Amino acid sequence: MRHTLAVVTLVALAGCSGLGLGPSADEQSVTPVPISTPDSSAVDLPGQNGSVDIDRVVARHDAALADRSFHRTVVRAGPQNTRDVWVDRERGVVRVRRTFGPVVDDAILTDGTVYRAASDDPERAYVTEDSDAAVPYVPSQSGGARLRQVLLDGGYQRVDTIRRNDRVLAVVAVDATGRGAGSDPSIAVQSRLAVDADGIIREVDHWERRPDGTVVAFEMTVDTDTERVPVPWWAEDIGLYG
């Protein structure tokens, strides 16, 4: 297994006079701002000796999002192949927008009813149906069900701790070739996750190539700063937010 560590070098350029003889008289000195290294103990991951139990990571992700509002975006192999999921826990509203090339499917789940954009009916903006509690177009709200299908069964290691948007993230990755036959038939895999202290998988970047030439490319991001579901034009008269 190979781990690639990215090293970022910060270079400070001092101002010089036009003749290159040193700083000008009116130039003020600048004190460098210290850059703190994230503490790896801030994010605890299930596993031993650097190995990460990916099943438990996904289970924690599911549990952490079970009582939170969030926006989750998935980009899959192919142009304009995306899924957006917005969840408003306080008001019980879920929206899923799926795009595949020029085709866009949009649905809202609230109060036991599913509202779908009526793209094929010019006389109506949306159609309704009773909800069976399933989320339209995706196997789960949190993305955990899809992650269990996409990610490898094992081999993940903690490789780094980073800080992004004032949040400390543990970086978990696997980079393998020649896996061959078995429960995972991939012959090449590059998979990387970023997990926060609450157990939420904030980022996923997964790529693999299978023996038949099939390429699986999957990216996911999760944002918990969004409190309300954006209301599309076709659903404005449903009255989601008064």
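The values are calculated or read from the model by the stated rules, or taken from the named source; none is laboratory data. From a predicted model like this one, the values you see are computed outputs, not experimental measurements. Counting neighbours? That spans all protein chains shown, and the Cβs are built from the backbone with ideal geometry, glycine included. Each accessible area value is taken on the protein alone, full model and side chains, heavy atoms only, with ligands, DNA and RNA left out. Shrake-Rupley method; radii C 1.70, N 1.55, O 1.52, S 1.80 Å.
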Q. Limited to the stretch 54-94, what total is found for residues that are over 17 Å from the mean Cα position of the chain (by Cα) and under 26 Å from Thr128 (Cβ atoms)?
A. 7
Q: Only one of these is in contact (Cβ under 8 Å) with a residue 24 or more places away in the chain and under 24 Å from Gly112 (Cα atoms): Ala77, Ala66. Name it.
A: Ala66
Q. Mind checking which residues of the stretch 117-143 are in contact (Cβ under 8 Å) with a residue 24 or more places away in the chain, in a loop (DSSP other than H, G, I, E, B) and not aliphatic (A, V, I, L, M)?
A. Pro136, Tyr137, Ser140, Gln141, Ser142, Gly143
Q | Residues (at pLDDT below 95 and open to solvent by 40 Å² or more (accessible area, probe 1.4 Å)) located in the stretch 209-225 | A | Arg209, Arg210, Pro211, Asp212, Gly213, Thr214, Val215, Asp225
Q. Here are Val85, Val93: which of them is in contact with a His (Cβ under 8 Å, 6 or more places away or on another chain) and either at pLDDT 85 or above or open to solvent by 40 Å² or more (accessible area, probe 1.4 Å) (or both)?
A. Val85
**Q.** Scan of the stretch 41-82 for residues that are over 29 Å from Arg95 (Cβ atoms) and either open to solvent by less than 30 Å² (accessible area, probe 1.4 Å) or modelled with pLDDT under 95 (or both), ordered by number
**A.** Ser41, Ala42, Val43, Asp44, Leu45, Pro46, Gly47, Gln48, Asn49, Gly50, Ser51, Val52
**Q.** Test result for Arg2, at pLDDT 95 or above and at negative phi
**A.** no
Q) Would you call Asp130 in contact with a Gly (Cβ under 8 Å, 6 or more places away or on another chain), on the phi < 0 side of the Ramachandran plot and open to solvent by 50 Å² or more (accessible area, probe 1.4 Å)? A) yes
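Which ones in the stretch 209-224 are touching a residue at least 24 places away in the same chain (Cβ under 8 Å) and either more than 13 Å from the chain's Cα centre (by Cα) or within 28 Å of Thr177 (Cα to Cα) (or both)?
Hits for the stretch 209-224 are Arg210, Pro211, Val215, Val216, Ala217, Phe218, Glu219, Met220, Thr221.
Yes or no, residue by residue, for (1) more than 15 Å from the chain's Cα centre (by Cα); (2) at pLDDT 95 or above; (3) closer than 30 Å to Gly112 by Cα; (4) in a loop (DSSP other than H, G, I, E, B):
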{"position": "Gln149", "(1), (2), (3), (4)": "yes, no, yes, no"}
{"position": "Asp153", "(1), (2), (3), (4)": "yes, no, no, yes"}
{"position": "Ala181", "(1), (2), (3), (4)": "yes, no, no, yes"}
{"position": "Val195", "(1), (2), (3), (4)": "no, yes, no, no"}
{"position": "Asp205", "(1), (2), (3), (4)": "no, yes, no, no"}
{"position": "Val229", "(1), (2), (3), (4)": "yes, yes, yes, yes"}
{"position": "Tyr241", "(1), (2), (3), (4)": "yes, no, yes, yes"}
Q | Residues located in the stretch 96-118, provided they are exposed (fewer than 14 other Cβ atoms within 10 Å of the Cβ) and either small (Gly, Ala, Ser) or in contact with a strand residue (DSSP E or B) (Cβ under 7 Å, 6 or more places away or on another chain) (or both) | A | Gly101, Gly112, Thr113
